[in-house]
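The values are calculated or read from the model by the stated rules, or taken from the named source; none is laboratory data. Everything quoted here is computed from the prediction, not taken from an experiment. Using ideal geometry, Cβ is built from the backbone for each residue, glycine included, and neighbour counts are taken over all protein chains shown.
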Amino acid sequence: MPKTVSPHSVYEKKLRQQQDLLLRSMKSAVEQGRDAGMDDTQDVADQAVASYQKEFLFSQGTNGHAQMQLVRQALERLREGSFGECQNCGETIGAKRLEALPWTPFCIACQEKVERGELEMPVRAA
Ligand SMILES: [Zn+2]
């Protein structure tokens, strides 16, 4: 038997790494957002920076939440054995696409429909 790694275990590893990364960045976004603006001693320029950072971190946190759902759903599909199938048309998603975006629910053709507004992502962005 040649030593081969199941491609699914590679995807699972990537998905779990992404999940960790998202968890960490979401946690720090919330913590930093809470800290920003709490300091009364900062001057006006600092306050402007803090409020900009708050906005930026908030939007990061929002995107992180939606992506976290996609990662969870992909891990669920790995368990169910339907990983790699487009959630819209059922076509097999290309290996290159899965390697770059293992959490993607759609094949390229359906992703283009999402971008044209013809198809909705299975998660809400907020
Ligand atoms: Zn598709």
**Report entry** Any chance residue 77 is within 15 Å of the ligand (Cβ to nearest atom), of a type in the set (D, E, K, R) and modelled with pLDDT of 90 or more
**Finding:** yes
Report task. Could you please find all residues in the range 80-101 being away from the ligand (no atom under 16 Å from the Cβ) and either in a loop (DSSP other than H, G, I, E, B) or crowded, with 17+ Cβ neighbours inside 10 Å (or both)? Result -> 81
